[in-house]
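Peer 1: Got a structure here, written out as structure tokens. Questions coming.
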Amino acid sequence: MKKTKYIFITGGVLSSLGKGIAAASIATLLKNSGFKVSILKADPYINVDPGTMSPFEHGEVFVTDDGAETDLDLGHYERFLDENLSQLNNFTTGRVYQSVIEKERQGEYLGKTIQVIPHIVDEIKMRIKKAGEHKDILIVEIGGTVGDIEGLPFLEAIRALKLEVGKNNAMNIHLTLVPFIKAAGELKTKPTQHSVGELRRIGISPNMIICRSEKPLNRDLKDKIAISCGVEKNCVIESVDAASIYQIPLNFLKQDILGAIASVLELKNLKPNMDNWNFLVKRVIAPSNEVKIAFVGKYVDLTESYKSLTEAIIHAGATLDTRVDIKWIDSEKLENLDLKESFKDISGILVAGGFGRRGVEGKIRAISYAREHKIPFLGICLGMQLALIEFARNVLKLKDANSTEFDEKCENPIVYLIDEFIDSNGKKQIRTSKTPLGGTMRLGAYECRIKENTLLSQIYQGKKSVKERHRHRYEANPKYRKAMESKGLIVSGESQGLIEAVELKDHPFFLAVQFHPEFTSRLERANSVICGFIKAACDYESSE
Ligand code: GLN
């Protein structure tokens, strides 16, 4: 078998520089050059996975087909690479220690003293190699910033791995910030030099520097970085703020990043076909049409919490040659706002997923408004559960209709907790009130069977079934199904007897789904549900 080559990406100076996007961009260029590429995010924090982390702190939790709750960078990787990743593609310090401690308890280390070197570092190396199996190239992004104490075992692992596989089979890319200092009117390279110095101190010499900056770097500055950081002159790549993240691979390509990678890794024929990508990026940046939708959510000040959904909306926009303007509406405030005023220039209402009761009544009001005023509506996950509660309260006139998530003792539990379900790997899961929170949700891809002659079937071009991803605990209660159907609600999607999608008869576009369509949307393959919704909003706008 051919040896896998590795590209290790580290970050310097500060976080949030877009290492994930840089990694995904390089992966995309290599994939489109004909290589089998995969990508891995190694996160030095102690949580076993980000599943129980607050979206306020950590942004969205991304979910893979196999039900892993991962860092949101995995979402970028999938959206760029257009490949399904798995739990092999993201691990944390917590996960690494968990495995090592489990092995120690099983006596697998034969009584040896367990230490960071070699045991923890070996576990990290083993996980990296596993993610690279059967691939030509594996991109490994190390979370955090060089200099973090918790990142040290990861840096030691990639240092050792590079030695092990040989110098033409691994390279280090260091992404840093080159700040523009207004008072001096200059871009400054000192932080980059310090950060590379820090990397060298632990034995890693970068082969390439990617410089994030607000302004382009001139040749002299790039040469200065090359000399002071000890990299070839063609290996200093700039990454200037772009109008769209999807431009980044194209910006890298223009600077011949592939030529530089090819010379280090001894690769040949790197001529990526980016025609379709280019075409879509043009439409993201300068589309012909525009439409405005309302996004009703609880974390509207922190749009990172809805990353996959906002990106999926961009993909749908590119497919439909339309800029989708999002009006963010805080669901909690909507409890008291004038709805007519809030939705006056809106062509579609989106109610996103969420946990906990805060803002729920505002979301229900928004759903009522969309239903009664025949405005295109899409409800996702909690959005579907609330659409059912709204229907129960206002159409079936069932007072006290609710979800047991918000009112455990409500008279009409339209949404409730089921205590047994089959997980995405086919295993039976039992849930009780004592089950710990981590990993107990219905997670990952499930088949959704689609009813013929419905909006959902039309959206999915007549397909009989599709696979979409889930992340929720509660389910629609089938006890109310008949009563709802008799009043014009259609159950258009089902999965293992559970209600997956509902729509309304006398409405141009009212669709609510239990799954998260946004997790499978890619720039080059926008998700059908999101596309259908944006298309309906465009039609609504032109009919107004
Ligand atoms: N809170 C709801 C549940 O757990 C919905 C979750 C979501 O919207 N992702 O079922």
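Peer 1: Could you look through segment 316-326, keep only residues that are open to solvent by 20 Å² or more (accessible area, probe 1.4 Å) and not in a loop (DSSP other than H, G, I, E, B), and pick out the one that is nearest to the ligand (Cβ to nearest atom)? Lay out the reasoning, then the answer.
Peer 2: Going residue by residue through segment 316-326, those that are open to solvent by 20 Å² or more (accessible area, probe 1.4 Å) are 319-321, 323-326.
After this cut, where a residue has to be not in a loop (DSSP other than H, G, I, E, B) as well, the list is 319, 323-326.
Details: T319: 25, R323: 27, V324: 21, D325: 24, I326: 18 Å.
Across segment 316-326, the extreme among qualifying residues is I326.
Peer 1: Just name the residue that is farthest from the ligand (Cβ to nearest atom) out of those in segment 373-389 that are surrounded by 24 or more Cβ atoms within 10 Å (Cβ to Cβ) and over 12 Å from A476 (Cα atoms). So that I can check it myself, show each step before the final result.
Peer 2: Step one: list which residues in segment 373-389 are surrounded by 24 or more Cβ atoms within 10 Å (Cβ to Cβ), which gives 376-380, 382-389.
Applying the additional criterion that residues be over 12 Å from A476 (Cα atoms) yields 376-380.
Details: P376: 20, F377: 16, L378: 13, G379: 10, I380: 7 Å.
If we take residues in segment 373-389 being surrounded by 24 or more Cβ atoms within 10 Å (Cβ to Cβ) and over 12 Å from A476 (Cα atoms), then P376 is farthest from the ligand (Cβ to nearest atom).
Peer 1: Give just the number: which of (1) at pLDDT below 95; (2) in a loop (DSSP other than H, G, I, E, B); (3) not hydroxyl-bearing (S, T, Y) does K307 not satisfy?
Peer 2: (2)
Peer 1: Would you mind finding the one in Q247, Q255 that is of a type outside the set (D, E, K, R) and under 30 Å from V324 (Cβ atoms)?
Peer 2: Q247
Peer 1: Among (1) more than 26 Å from A157 (Cβ to Cβ); (2) in a loop (DSSP other than H, G, I, E, B); (3) of a type in the set (A, V, I, L, M, F, W, C); (4) touching a residue at least 12 places away in the same chain (Cβ under 8 Å), there is one condition I204 misses while meeting the rest; what is its number?
Peer 2: Condition (1) is where I204 drops out.
Peer 1: Is there any pair with a first residue in segment 379-390 that is touching a residue at least 24 places away in the same chain (Cβ under 8 Å) and among the hydrophobic types (A, V, I, L, M, F, W, C) and a second that is open to solvent by less than 10 Å² (accessible area, probe 1.4 Å) and within 9 Å of the ligand (Cβ to nearest atom) whose Cβ atoms are under 6 Å apart and which are 6 or more apart or on different chains, and what are they?
Peer 2: I380/A352; C381/H472; M384/Q514
Peer 1: Do you know which residues across segment 464-510 are among the basic types (K, R) and either within 21 Å of Y416 (Cβ to Cβ) or buried (at least 19 other Cβ atoms within 10 Å of the Cβ) (or both)?
Peer 2: Result: R469, R471, R473, K479, R481, K482, K487.
Peer 1: Between I293, I313, I329, I346, which is over 24 Å from M441 (Cα atoms), in a loop (DSSP other than H, G, I, E, B) and open to solvent by less than 30 Å² (accessible area, probe 1.4 Å)? Even if it seems obvious, please write down each step before you answer.
Peer 2: Details: I293 fails: in a loop (DSSP other than H, G, I, E, B); I313 fails: in a loop (DSSP other than H, G, I, E, B); I329 fails: in a loop (DSSP other than H, G, I, E, B).
The conditions single out I346.
Yes/no matrix, rows are residues, columns are (1) in contact with an Asp or Glu (Cβ under 8 Å, 6 or more places away or on another chain); (2) open to solvent by 30 Å² or more (accessible area, probe 1.4 Å); (3) among the hydrophobic types (A, V, I, L, M, F, W, C):
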| residue | (1), (2), (3) |
| --- | --- |
| L110 | no, yes, yes |
| P118 | no, yes, no |
| V121 | yes, no, yes |
| M126 | no, yes, yes |
| I137 | no, no, yes |
| I142 | no, no, yes |
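Peer 1: For segment 390-404, how many residues meet the condition of being of a type outside the set (G, A, S) and within 16 Å of the ligand (Cβ to nearest atom)?
Peer 2: Here the count works out to 3.
Peer 1: Being of a type in the set (A, V, I, L, M) and surrounded by 15 or more Cβ atoms within 10 Å (Cβ to Cβ) is the filter here, so list the residues in segment 189-208 that pass it. Steps first, please.
Peer 2: Taking segment 189-208 first, the residues of a type in the set (A, V, I, L, M) are 196, 199, 202, 204, 208.
Within segment 189-208, V196, L199, I204, M208 meet the criteria.
Peer 1: (1) out of contact with any Gly (no Cβ under 9 Å at 6 or more places or on another chain); (2) at pLDDT below 95: which one isn't true of G144, the others all being true?
Peer 2: (1)
Peer 1: Name the residues in segment 350-372 that are more than 11 Å from the ligand (Cβ to nearest atom), open to solvent by 20 Å² or more (accessible area, probe 1.4 Å) and part of a loop (DSSP other than H, G, I, E, B), would you?
Peer 2: R358
Peer 1: Can you tell me which condition D338 does not meet? The list is (1) among the charged types (D, E, K, R); (2) without any contact (Cβ under 8 Å) to a residue 24 or more places away in the chain; (3) surrounded by 16 or more Cβ atoms within 10 Å (Cβ to Cβ), and all the others hold.
Peer 2: D338 satisfies all of (1) among the charged types (D, E, K, R); (2) without any contact (Cβ under 8 Å) to a residue 24 or more places away in the chain; (3) surrounded by 16 or more Cβ atoms within 10 Å (Cβ to Cβ) except (3).
Peer 1: Can you list residue pairs whose Cβ atoms sit under 7 Å apart, with the first residue in segment 458-485 being under 24 Å from E405 (Cβ atoms) and the second being open to solvent by 60 Å² or more (accessible area, probe 1.4 Å)? Count only pairs 6 or more apart in sequence or on different chains.
Peer 2: R473/L417; Y474/Y416; Y474/L417; E475/Y416; N477/Y416
The values are calculated or read from the model by the stated rules, or taken from the named source; none is laboratory data. This structure is a prediction, so every number in the text was calculated from the model and none was measured. We place every Cβ from the backbone using ideal geometry, glycine too, and count neighbours over all the protein chains shown. In case anyone asks, the SASA skips ligands and DNA or RNA and just uses the protein heavy atoms, side chains included. Shrake-Rupley method; radii C 1.70, N 1.55, O 1.52, S 1.80 Å.
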